[in-house]
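Q: Quick one: the structure is below, and I'll ask about it shortly.
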Amino acid sequence: MAHYNPKSLNADEFINNEEILETLDYAEKNKNNVELIDEILNKARPQKTATGCVCKGLTHKEASVLLACEIPEKIEEMYKIAEEIKLAFYGNRIVIFAPLYLSNYCVNGCLYCPYHMKNKTIPRKKLTQEEIKNEVIALQDMGHKRLAIESGEDPVNNPIEYILECMKTIYSVNHKNGAIRRVNVNIAATSVENYRKLKAAGIGTYVLFQETYHKESYLKLHPTGPKHDYNYHTEAMDRAMQGGIDDVGLGVLFGLQMYKYEFAAVIMHAEHLEAAHGVGPHTISVPRVKKADDIDPQAFDNSISDEIFRKIVACTRLAVPYTGIIISTRESEAVRSKLLSVGVSQVSGGSRTSVGGYTEAERPHDTEQFDVSDQRSLDEVVCWLMENGHIPSFCTACYREGRTGDRFMSLCKSGQILNCCHPNALMTLTEFLVDYASPKTKEIGYKILEAELKKIPDETVRTIAAKHIEDIKNSNRRDFHF
Ligand code: SAM
């Protein structure tokens, strides 16, 4: 039997079933242990230091106790601390991105995904480089600067060379003042050699959702195709790191398995990356199963309520304070609003989940991967964020300045984020306001900029940022960053 070892590179040891079951048992036994819960909450709180703030984070065991706790006042306290942590490290900034679907050809048999090989009703489509250019122009015209490319797994139709060529095309398009400055990649688990190629092509974050960490369920949910190999899939982030990619994004598809099991496991995965490679995950995504072409989410009996979902996000924020949390347009405006206050730091906006969807006048449904709940335009999402006290950020500076992996984490911990990320967010927001925003969004945005500039502590940085903002407003100069 495999033994728990967070440093091991064997999936059965770092995501150890016995350890998870013991954790869940411990959490259940202590869910009303107020003394322990208070101790855990105190550990999670941001602590002031001479240079700023630090957070200790929580172990999978501690975080699981909080997730199991059903005492209303304690849950409220979790939400409060989650918001404090988010504000301490990410401020009121919310990073914006959009998915770009390249191809829905797929040889896997995933039971929850409409791209599965046996689906004969969904039209199969793979974008040509010319079509990609047009999609990128449409995305740039909305104001996007950061994309997550998505593709089914198909070694013949979507080999790594195709993905690399698409990345090159995406980075090469400059329409008017537009540019895509960071391409995150969400493709199937692959080899160290291929991860090296993705790194050389300028990958931002390598994103791969685990779907479920429960091995037995995983094998049933992925009955055929290369994705059936649980260990190969679960060890993908280790290979990505060996290939030189130090920004990796984890995720669970909530609804497939017991949420408490998945939560303990994803935190263990984060602990493993830290223990084995010295750097935790850059992001954690929290998708829930949605209706799609031949997929009925009711078929999965582990769906979670919006309240539990909120608790999962808050507990994630407490456990991994320096990791970005991503919420996509799978969720409605109402759900996204509730999650923004408990630690989410990235959202997608104006998304289309069909292959070639951005160049169509009407939202196409034929090749969609799942139904999009939040169907607002990017301008509407930006406006809504600002009306709710957030700063939409189109910043991509860290990765371009080499601040990835542990260097990004040190920036977070050093208290320099207000002198670095905040001006970058304000300058990229100005680009959006000048080049793409509606009159209403412009009006709200310009007012906010003035107040937010004052929050930059370093006077020199503040003066330079203010000057660049004026440059953006009065010329075609773009892409200033610290
Ligand atoms: N094909 C890639 C792989 O093998 O990991 C990833 C790309 S896929 C386009 C991105 C993610 O969408 C999947 O990892 C899965 O979690 C999610 N997804 C699939 N079907 C879904 C559904 N019905 N509802 C919500 N999300 C879904």
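Q: Would you check which residues across region 171-192 are under 30 Å from His116 (Cα atoms) and either under 22 Å from the mean Cα position of the chain (by Cα) or assigned to a loop (DSSP other than H, G, I, E, B) (or both) and list them?
A: Start the filter on region 171-192 by keeping residues that are under 30 Å from His116 (Cα atoms), which leaves 171, 180, 182-192.
Within region 171-192, Tyr171, Ile180, Arg182, Val183, Asn184, Val185, Asn186, Ile187, Ala188, Ala189, Thr190, Ser191 qualify.
Q: Still on this structure, I have one more. If I filter region 241-248 for residues that are on the phi < 0 side of the Ramachandran plot, of a type outside the set (Val, Ile, Thr), assigned to a helix (DSSP H, G or I) and surrounded by fewer than 20 Cβ atoms within 10 Å (Cβ to Cβ), do I get at least one hit? Walk me through it before giving the result.
A: Within region 241-248, the first condition is being on the phi < 0 side of the Ramachandran plot, and the residues that meet it are 241-243, 245-248.
Then drop every residue that is not of a type outside the set (Val, Ile, Thr), which leaves 241-243, 246-247.
Now drop any that are not assigned to a helix (DSSP H, G or I), which leaves 241-242.
With surrounded by fewer than 20 Cβ atoms within 10 Å (Cβ to Cβ) added as a condition, the list becomes 242.
Looking for residues that are on the phi < 0 side of the Ramachandran plot, of a type outside the set (Val, Ile, Thr), assigned to a helix (DSSP H, G or I) and surrounded by fewer than 20 Cβ atoms within 10 Å (Cβ to Cβ), one finds at least one in region 241-248, hence yes.
Q: Please enumerate the residues belonging to region 171-206 that are within 16 Å of the ligand (Cβ to nearest atom), touching a Gly at 6+ places or on another chain (Cβ under 6 Å) and more than 21 Å from Thr353 (Cα to Cα).
A: Answer for region 171-206, where residues must be within 16 Å of the ligand (Cβ to nearest atom), touching a Gly at 6+ places or on another chain (Cβ under 6 Å) and more than 21 Å from Thr353 (Cα to Cα): just Tyr195.
Q: Would you check if Ile308 is within 13 Å of the ligand (Cβ to nearest atom) and among the β-branched types (Val, Ile, Thr)? Break it down stepwise before answering.
A: Numbers: within 13 Å of the ligand (Cβ to nearest atom): no; among the β-branched types (Val, Ile, Thr): yes.
Taking the combined requirement at face value, the residue does not satisfy it.
Q: While we're on this one: Restrict the check to region 347-367 and report whether at least one residue is away from the ligand (no atom under 16 Å from the Cβ), touching a residue at least 24 places away in the same chain (Cβ under 8 Å) and in contact with a strand residue (DSSP E or B) (Cβ under 7 Å, 6 or more places away or on another chain).
A: yes
Q: While we're here: Tally time: how many residues in region 227-240 are part of a helix (DSSP H, G or I), more than 9 Å from the ligand (Cβ to nearest atom) and over 20 Å from the mean Cα position of the chain (by Cα)?
A: Final tally of qualifying residues: 4.
Q: Also, I was wondering about something else. Being surrounded by fewer than 19 Cβ atoms within 10 Å (Cβ to Cβ) and either within 11 Å of the ligand (Cβ to nearest atom) or not in a loop (DSSP other than H, G, I, E, B) (or both) is the filter here, so list the residues in region 275-290 that pass it.
A: Ala275, Ala276, Pro287
Q: For the subset of region 64-102 comprising residues that are small (Gly, Ala, Ser) and over 20 Å from the mean Cα position of the chain (by Cα), which member is nearest to Tyr399 (Cα to Cα)?
A: For region 64-102, the residue satisfying everything is Ser64.
Q: Next question. Within region 8-30, can one find any residue that is of a type in the set (Asp, Glu) and in contact with a Ser or Thr (Cβ under 7 Å, 6 or more places away or on another chain)? Step through it out loud before you land on a result.
A: Pass one, region 8-30, residues of a type in the set (Asp, Glu): 12-13, 18-19, 22, 25, 28.
Checking which are in contact with a Ser or Thr (Cβ under 7 Å, 6 or more places away or on another chain) leaves us with none.
No, every residue in region 8-30 fails to be of a type in the set (Asp, Glu) and in contact with a Ser or Thr (Cβ under 7 Å, 6 or more places away or on another chain).
Q: Looking only at region 11-30, count how many residues are loosely packed, with under 15 Cβ neighbours inside 10 Å and in contact (Cβ under 8 Å) with a residue 40 or more places away in the chain.
A: 1
Q: Look at region 305-330 and say how many of its residues are over 17 Å from Val207 (Cβ atoms) and either without any contact (Cβ under 8 Å) to a residue 24 or more places away in the chain or in a loop (DSSP other than H, G, I, E, B) (or both). Step through it out loud before you land on a result.
A: Taking region 305-330 as the starting set, the residues that turn out to be over 17 Å from Val207 (Cβ atoms) are 305-315, 317-319, 321-322.
Next cut, either without any contact (Cβ under 8 Å) to a residue 24 or more places away in the chain or in a loop (DSSP other than H, G, I, E, B) (or both) only: 305, 307, 321-322.
The total comes to 4.
Q: Quick one: which helices (runs of 4 or more DSSP H) sit completely within region 369-461 and have at least 2 residues that are charged (D, E, K, R)?
A: Passing ranges, in order: 378-387, 405-414, 417-435, 439-453.
Every residue, every condition in (1) surrounded by fewer than 22 Cβ atoms within 10 Å (Cβ to Cβ); (2) among the β-branched types (Val, Ile, Thr); (3) closer than 22 Å to Asn184 by Cα, yes or no:
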residue	(1), (2), (3)
Ile326	no, yes, yes
Val347	no, yes, yes
Thr367	yes, yes, yes
Leu378	no, no, yes
Phe408	yes, no, yes
Leu411	yes, no, yes
Cys421	no, no, yes
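Q: I'd like the full set of residues that are buried (at least 19 other Cβ atoms within 10 Å of the Cβ), out of contact with any Phe, Trp or Tyr (no Cβ under 6 Å at 6 or more places or on another chain) and not β-branched (Val, Ile, Thr), limited to region 395-406.
A: Of everything in region 395-406, those that are buried (at least 19 other Cβ atoms within 10 Å of the Cβ), out of contact with any Phe, Trp or Tyr (no Cβ under 6 Å at 6 or more places or on another chain) and not β-branched (Val, Ile, Thr) turn out to be Cys395, Ala397, Tyr399, Gly405.
Q: Go through region 214-226 and count every residue that is assigned to a helix (DSSP H, G or I) and away from the ligand (no atom under 13 Å from the Cβ). Give the steps one after another, and end with the answer.
A: From region 214-226, those assigned to a helix (DSSP H, G or I) are 215-221, 226; that's our starting set.
Among the residues that remain, those that are also away from the ligand (no atom under 13 Å from the Cβ) are: 215-217, 219-220.
Of the residues in that region, 5 qualify.
Q: Considering each residue of region 318-338, count those that are in contact with a Lys or Arg (Cβ under 6 Å, 6 or more places away or on another chain) and more than 15 Å from the ligand (Cβ to nearest atom), and give that number.
A: 1
Where a number appears in this text, it was derived from the coordinates with a stated rule and is not lab data. From a predicted model like this one, the values you see are computed outputs, not experimental measurements. Neighbour counts are summed over all protein chains in view; Cβ atoms, including those assigned to glycine, are modelled from backbone coordinates with ideal geometry.
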